[in-house]
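Below is one structure, written out as structure tokens, with a few remarks after it.
The values are calculated or read from the model by the stated rules, or taken from the named source; none is laboratory data. Nothing here was measured: the structure is a model prediction, and the numbers come from that model. Glycine also receives a Cβ, built like all others from the backbone with ideal geometry; neighbour counts cover every protein chain displayed.
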Amino acid sequence: MRMRTSWLKPILSDSHFWVPLGVFILGIILLLALR
Amino acid sequence: MALESSTPASARARSLHTLGVACALAAGAGLGAAEAPTKLVTTGISPFLISLGMVAGVFVGRWTLPAVLKGTGFVFDDLRRRPHLMVWAVLAGGLWAVANTLTVFAIRDVGLSIAFPLWNANSLIGVLWGFVFFRELRGAGRGAWVRVAGGALAIVTGAVLLGYASSQGLVSLAPRPVSGVAAALGAALLWGTMYIPYRKAYLSGMNPLSFVTVFTVGEVVTVLVLAVTFEGGWHALGEALADARPSLFWLFLGGFCWVIGDLFQQYAAKYVGIGRGIPLSNTNQLWGLAWGALVFGELSGSRPAARVLVLVGSAVMIAGAVAIAGAAASSEEHAARSLAVARESTRYGLDASEAEASLAGIAFDRLVAVEADSAKPKGWKRMRIGDAVIAAGALGVFVWLGASARRPALSLNVGWMIVLSAATLAMLASVGYLLWKRTGFA
């Protein structure tokens, strides 16, 4: 019934996903800057 | 007719609100208690090793508790049915780990008393993301808004007062104030944003016990990468770990306590949402302070003004928690939540009714069927043996570390330790029982 051959695609097109990912990258940059 | 059918539903919603609030407060107690074993670790261990030691304990706990409470078969079935959430869970674990490391920098640069209240502002970030992404507080009346937003602000204010009192008003000369504040605020942003994946999982009908088993993979991998990077490579890390061996037991124990607290926080995020759940579980600062002051004598010799600040800060924080606890979601808010559920279900091809049932604390049919299957003697035996092996392995790790643990020379107030341990255990046990009784850990 629920075919999810590509479940990565909906994630990448989900606007919600880019906020935590962006914040994660920002956190890494902050870590590198403050070390 | 409408009244008859809506009354049981609203009674159920009220009951789940109470359950979620109880979970958040229990989380505060569990997370606060987790700070105690780490206080036993004396100086001389790098902050990255402390973080790694705790996360190793967290990893063990996150695999053991779900196996014992629900069984690994249940967890893997839940993950298989919502594979996309594994990506979200790993990302959430990474966010946690980076934030945790940022707090190390913040403490180094501005001290715990300034850093702690700053990163506790994560609750305000949580309220914001809950509103923007998950329609939390949409349709809430002005009263609920005032209670939730005011309560969250009061908890942050209480945190500032408690932090200030902990330092007894003597702010040490911060060597790098700007970078310290940046690190603490960064941690708040990351820890507030980490709840986006939490909420996403529960709006999709995932069980919190399944979510945390994958969350911890992101957590442990990120912490390991950071520890290797900052400690100067694998070899140096291995040597540092060997030197820290007598202290590892306490760090593991702290991590294990932390998992229990965090599990309740996960259930709070599920049943009351992140806007209400995070500020309430941030009451862990009260418990942390109680452990520090009563058991470890951290405020002994402090000036009367500092003690007054502790009382005022605690009262403000409790008032904030009471305000949020009293702000149950209206039917309009529940309708807005259903829209958020529908969005997730449509995008990821899930069954919205399963997610709604899960949010109502009911295990959905298919999982009930899976559990029924697993109850058959052969399957049950196979699954339970696997779970027992995991539990025995975790116990073995603790015994192995405990055998070489060294009790640090630190004066403790044993009486208060017993009182606080008993209070925490009673709270965790009673809320855990409620959770099992009302939802079967759904």
Picking from B:332, B:298, B:354, B:344, the residue that is under 18 Å from residue B:200 (Cβ atoms), at pLDDT below 90 and among the acidic types (Asp, Glu) would be B:354
Of the listed residues (B:220, B:225, B:181), the one being at pLDDT below 90 and of a type in the set (Val, Ile, Thr) is B:181
When every residue in region B:174-217 that is away from every other protein chain (no Cβ under 13 Å) and outside any helix (DSSP H, G or I) is compared, the one nearest to residue B:85 (Cα to Cα) is B:206
Yes/no for residue B:269 being under 24 Å from residue B:153 (Cβ atoms) and not in a helix (DSSP H, G or I):
no
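Take the residues in region B:281-295 that are part of a helix (DSSP H, G or I) and under 10 Å from residue B:158 (Cα atoms); name whichever of them is modelled with the highest pLDDT.
First, pick out the residues of region B:281-295 that are part of a helix (DSSP H, G or I): B:281, B:284-295.
Filter again for under 10 Å from residue B:158 (Cα atoms), leaving B:285-286.
Details: B:285: 81, B:286: 84.
Among those that are part of a helix (DSSP H, G or I) and under 10 Å from residue B:158 (Cα atoms), it is B:286.
I need the full set of residues from region B:216-242 which are farther than 17 Å from residue B:97 by Cβ and touching a residue at least 40 places away in the same chain (Cβ under 8 Å), in order please.
Taking region B:216-242 as the starting set, the residues that turn out to be farther than 17 Å from residue B:97 by Cβ are B:232-236, B:238-242.
B:240, B:241 - these are the residues of region B:216-242 that are farther than 17 Å from residue B:97 by Cβ and touching a residue at least 40 places away in the same chain (Cβ under 8 Å).
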Just one listed residue, out of B:126, B:158, B:141, B:150, is surrounded by fewer than 19 Cβ atoms within 10 Å (Cβ to Cβ), in contact with a Gly (Cβ under 8 Å, 6 or more places away or on another chain) and either at pLDDT 85 or above or not hydrophobic (A, V, I, L, M, F, W, C) (or both), and it is B:150
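Please count how many residues of region B:230-262 are acidic (Asp, Glu) and closer than 22 Å to residue B:63 by Cβ.
Filtering region B:230-262 down to residues acidic (Asp, Glu) leaves B:231, B:239, B:243, B:262.
Then keep just the ones that are closer than 22 Å to residue B:63 by Cβ; that gives B:262.
Selection size over region B:230-262: 1.
Look through B:115, B:121 and report the one residue that is within 14 Å of chain A (Cβ to nearest Cβ) and either of a type outside the set (Val, Ile, Thr) or under 30 Å from residue B:309 (Cβ atoms) (or both).
Details: B:121 fails: within 14 Å of chain A (Cβ to nearest Cβ).
Every option except B:115 fails the conditions.
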*asked:* Criterion first (in a helix (DSSP H, G or I) and within 28 Å of residue A:29 (Cβ to Cβ)) does residue B:306 satisfy it?
replied: no
Residues in region B:395-409 that are surrounded by 12 or more Cβ atoms within 10 Å (Cβ to Cβ) and within 13 Å of residue B:250 (Cβ to Cβ) total 6
Counting only residues that are surrounded by fewer than 23 Cβ atoms within 10 Å (Cβ to Cβ) and either small (Gly, Ala, Ser) or within 18 Å of residue B:216 (Cβ to Cβ) (or both), region B:101-120 contains a total of 2
Based on this model, can you work out whether residue B:397 counts as among the aliphatic types (A, V, I, L, M) and either free of Cβ contacts under 8 Å to residues at least 12 places away in the same chain or more than 30 Å from residue B:242 (Cα to Cα) (or both)?
no
Quiz item: Is it true that residue B:231 is crowded, with 23+ Cβ neighbours inside 10 Å, closer than 23 Å to residue A:28 by Cα and not β-branched (Val, Ile, Thr)?
Solution: no
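Listed here are the residues, each with its yes/no results for (1) more than 24 Å from residue B:116 (Cα to Cα); (2) assigned to a helix (DSSP H, G or I); (3) not hydrophobic (A, V, I, L, M, F, W, C).
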position	(1), (2), (3)
B:241	yes, yes, no
B:246	yes, yes, yes
B:279	no, yes, yes
B:298	no, no, yes
B:310	no, yes, no
B:314	no, yes, yes
B:333	yes, yes, yes
B:346	yes, yes, yes
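Say whether the condition of being of a type in the set (D, E, K, R) and surrounded by 20 or more Cβ atoms within 10 Å (Cβ to Cβ) is met by at least one residue in region B:38-58.
Residues of region B:38-58 that are of a type in the set (D, E, K, R), as a first pass: B:39.
Those left that are additionally surrounded by 20 or more Cβ atoms within 10 Å (Cβ to Cβ): none.
So far as region B:38-58 goes, no, none of its residues is of a type in the set (D, E, K, R) and surrounded by 20 or more Cβ atoms within 10 Å (Cβ to Cβ).
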**Message:** Within region B:125-145, does at least one residue satisfy the condition of being away from chain A (no Cβ under 13 Å) and under 27 Å from residue B:255 (Cα atoms)?
**Reply:** yes
Expected output for region B:88-108 (first residue under 27 Å from residue A:15 (Cβ atoms) and at the interface with chain A (Cβ under 7 Å from one of its Cβ atoms), partner in a helix (DSSP H, G or I) and acidic (Asp, Glu), Cβ below 8 Å, 6+ apart or cross-chain) is B:94/B:219
Among B:440, B:402, the single one that is at pLDDT 75 or above and closer than 30 Å to residue B:242 by Cβ is B:402
Determine, yes or no, whether residue B:311 is over 22 Å from residue B:275 (Cβ atoms), without any contact (Cβ under 8 Å) to a residue 60 or more places away in the chain, of a type in the set (A, V, I, L, M, F, W, C) and surrounded by fewer than 20 Cβ atoms within 10 Å (Cβ to Cβ). yes
